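The next block holds one structure in the form of structure tokens; read it before the comments.
The values are calculated or read from the model by the stated rules, or taken from the named source; none is laboratory data. The model shown is predicted, which means the values in this text are computed figures rather than measured ones. Note that we place each Cβ from the backbone using ideal geometry, even for glycine, and neighbour counts take in every protein chain shown.
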Amino acid sequence: MLKSLVLLFLLGLSFAKPSCPDYPYKDHVFFDEYSPPSEPPDTLLSHCERNADSNCIFTGFLSTMDEKKSFIAENVSGNSFEGIANWNRELDFGEYLPNGSTKGSSYTIKDAWLSILSVNPSVYEGEKLLVNTTGEVITRQGFTFVIQDKDRKSDCKTRYEVCGYKYNLTTSVDGITINEDNNQEAHFNLSRYSEHFIGSKLYIETRYLVHHYHWVTRCKNGECKKKCKYASTEDVRDTMTLSDSKNVHYLNESNDVSYIVDKVTGGTVNLWLRTQGNSTNIGVDIGNATFRKTNYLYKIRYNSEPYNILTKEKVPINRTNRYMFSVLENRINGSNQTLHLIAPYSDDCTLKIDSHFNSWIFTDICQINKSQAQIDLDVEEGDGRIQITARLYNNDTDTPLGNKELIISHGGMQFITTTDMRGEVEVTTERINNLVSAEFKSDFETRSVVHTVILTPIVPSVFESASDLSGLGIVAYLAYAYVRKVVPYV
């Protein structure tokens, strides 16, 4: 008896209509109502259609679409990382995929797309995307869940039970997940200077049930009737996985500028600046005097049209502007530059260094805080030649300054030398005139110094003097003879 009851129970279960498990999202469309998403208006161009401000009026004077969009992008972002981030976050993405997205379609998942849209803050240098040690990744995705309600001719009735769908969005840096709960915005923190891999993966799972009903004929007492009875259930499941990625470069930023004040005399400041590379912009303010060295500017690049994700792009420009500054020397060695500047003295002295993601401000740069060098210069003469010996040392401690560049000058010639461990150099050359000088130009550790000596004038010998006099007499006689020939009455 018990066996019979169990069999009947199991038989009932086998004919029971299954039901849907619980899915978090239910929105869907039936196939006969579905159509691919249409392209929305361009967000930059439509911004000016909605906001007829003074900046938008100027776009009427621009000839190309790119010029117009670039101009609007500059204005809506303010050319700042904050303005760019606000614009990118507030964009309303629909089901129409942005340009450059990863895309896919399947049986029930239509128009799926995934895109790592932006990394804030970031700067394009060519096609290399530079990022800071911390930042935010913005990812967006879209798809449509489509129920395939095709004609079922064998059914007397077909009922669709939509279970729904679920998805899982993960964003990672170098394989480590940085988002939670399908968040489209995630923050990262980098610890090493190198290339990094940002990845995003979207997993979608959809499910619906199709309950089929068939005609069933039942006869009793010779009378037959047709009834539309539940027959079976079709379990329609679909999945899709999309991936997107970006390579970014963590820029090792530093205030790669050295400075030293050689001296403050006569109401002027004698300043040396050395820049290494072209990754910073420099500004010096001494009272009303200003000096600007601009290595690059920015323009705004737009991607992922028609939504238009904005990103800064570096535009190299080698430009120097100065007011009340004199440039005494400008030396360029590869990507390094050394400048020797003079400006009127002021207690208000500031150096500002701007990189892509950081700024450094140094005040009171006119204070002399480096050691002073001293040069001893000795010259020995003999046989029309001179031997120059120079010693470079710290004036405060008398410590020799080795491995320093010392410039020896005589008679229009320069000898670039390097001091030994005793701080000394030697140069032998032909004597040309009475001046010998040795100069040390600041290496940003020690201030500059120049030492000049005047040699004893060369006194001509008696024979040299007589020879010079006789030569002058011959020249005078020849001149007299020429004049007599040309003018016979003289």
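For region 221-257, which positions are over 30 Å from G199 (Cβ atoms), among the hydrophobic types (A, V, I, L, M, F, W, C) and surrounded by 13 or more Cβ atoms within 10 Å (Cβ to Cβ)?
Within region 221-257, A231, V236, V257 meet the criteria.
Provide a single number: the residues in region 258-280 that are assigned to a strand (DSSP E or B), surrounded by 20 or more Cβ atoms within 10 Å (Cβ to Cβ) and under 22 Å from the mean Cα position of the chain (by Cα).
Summing the residues that are assigned to a strand (DSSP E or B), surrounded by 20 or more Cβ atoms within 10 Å (Cβ to Cβ) and under 22 Å from the mean Cα position of the chain (by Cα) in region 258-280 gives 1.
Answer yes or no: is there a residue in region 20-35 that is in contact with a Phe, Trp or Tyr (Cβ under 8 Å, 6 or more places away or on another chain), in a loop (DSSP other than H, G, I, E, B), over 30 Å from K150 (Cβ atoms) and modelled with pLDDT of 90 or more.
Checked region 20-35: no residue is in contact with a Phe, Trp or Tyr (Cβ under 8 Å, 6 or more places away or on another chain), in a loop (DSSP other than H, G, I, E, B), over 30 Å from K150 (Cβ atoms) and modelled with pLDDT of 90 or more.
If a residue must be buried (at least 22 other Cβ atoms within 10 Å of the Cβ) and over 26 Å from N189 (Cβ atoms), how many such residues does region 114-144 contain?
Count: 1.
Going through region 333-357 one residue at a time, which ones are under 16 Å from T275 (Cβ atoms) and of a type outside the set (A, V, I, L, M, F, W, C)?
N333, G334, S335, N336, Q337, T338, H340, K352, D354, S355, H356, listed by residue number.
Could you tell me whether S106 is at negative phi and assigned to a loop (DSSP other than H, G, I, E, B)?
Criteria met by S106.
Which of the numbered conditions does N79 fail, given that it passes all the others? Conditions: (1) under 16 Å from the mean Cα position of the chain (by Cα); (2) over 17 Å from Y298 (Cα atoms); (3) part of a loop (DSSP other than H, G, I, E, B).
Condition not satisfied by N79: (2).
Which strands (runs of 3 or more DSSP E) sit wholly inside region 411-481 and have at least 2 residues that are at pLDDT 90 or above, surrounded by 13 or more Cβ atoms within 10 Å (Cβ to Cβ) and touching a Lys or Arg at 6+ places or on another chain (Cβ under 8 Å)?
Answer list for region 411-481: 424-430.
From the list R192, R159, which residue is modelled with pLDDT under 95 and outside any loop (DSSP other than H, G, I, E, B)?
R159
Residues F71, F9, F58: which one is touching a helix residue (DSSP H, G or I) at 6+ places or on another chain (Cβ under 8 Å), assigned to a helix (DSSP H, G or I), more than 27 Å from T206 (Cβ to Cβ) and modelled with pLDDT under 75?
Of F71, F9, F58, the one residue that is touching a helix residue (DSSP H, G or I) at 6+ places or on another chain (Cβ under 8 Å), assigned to a helix (DSSP H, G or I), more than 27 Å from T206 (Cβ to Cβ) and modelled with pLDDT under 75 is F58.
Does region 324-338 contain at least one residue that is part of a strand (DSSP E or B) and of a type in the set (D, E)?
Of region 324-338, the ones part of a strand (DSSP E or B) are 326-333, 336-338.
Retained after the next criterion (residues that are of a type in the set (D, E)): 329.
Yes, some residue in region 324-338 is part of a strand (DSSP E or B) and of a type in the set (D, E).
Is it true that A343 is part of a strand (DSSP E or B) and modelled with pLDDT under 90?
So A343 fails the test.
I need a count of the residues in region 299-335 that are more than 30 Å from N88 (Cα to Cα) and crowded, with 20+ Cβ neighbours inside 10 Å.
Looking only at that region, the number is 1.
Kindly provide the set of residues from region 108-134 that are modelled with pLDDT of 95 or more and either outside the structural domain of T239 (by TED's automatic domain parsing) or over 13 Å from the mean Cα position of the chain (by Cα) (or both), ordered by number.
Passing the criteria: T108, I109, K110, D111, A112, W113, L114, S115, I116, L117, S118.
Report the residue count in region 178-189 for those that are under 24 Å from D27 (Cα atoms), polar (S, T, N, Q) and not in a loop (DSSP other than H, G, I, E, B).
0
Are there any pairs, at least 6 apart or on different chains, whose C-beta atoms fall under 6 Å, with the first in region 438-459 and within 15 Å of R331 (Cβ to Cβ) and the second of a type in the set (S, T, Y) and in a strand (DSSP E or B), and if so, which?
F444/S258
V146 - would you say it is out of contact with any helix residue (DSSP H, G or I) (no Cβ under 8 Å at 6 or more places or on another chain), touching a residue at least 24 places away in the same chain (Cβ under 8 Å) and of a type in the set (A, V, I, L, M)?
Answer is no for this residue.
From T389, T363, which residue is more than 30 Å from K314 (Cα to Cα) and free of Cβ contacts under 8 Å to residues at least 40 places away in the same chain?
When all the criteria are applied, what remains is T389.
Return the residue satisfying two criteria in turn: it lies in region 109-128 and is among the charged types (D, E, K, R) and part of a strand (DSSP E or B), and of such residues it is nearest to Q148 (Cα to Cα).
K110
Within 12 Å of I309 (Cα to Cα) and in a helix (DSSP H, G or I): is that true of N99 in this structure?
Answer is no for this residue.
If I filter region 336-369 down to residues being surrounded by 15 or more Cβ atoms within 10 Å (Cβ to Cβ) and of a type in the set (D, E, K, R), which single residue comes out as nearest to T268 (Cα to Cα)?
By that ranking, first place goes to K352.
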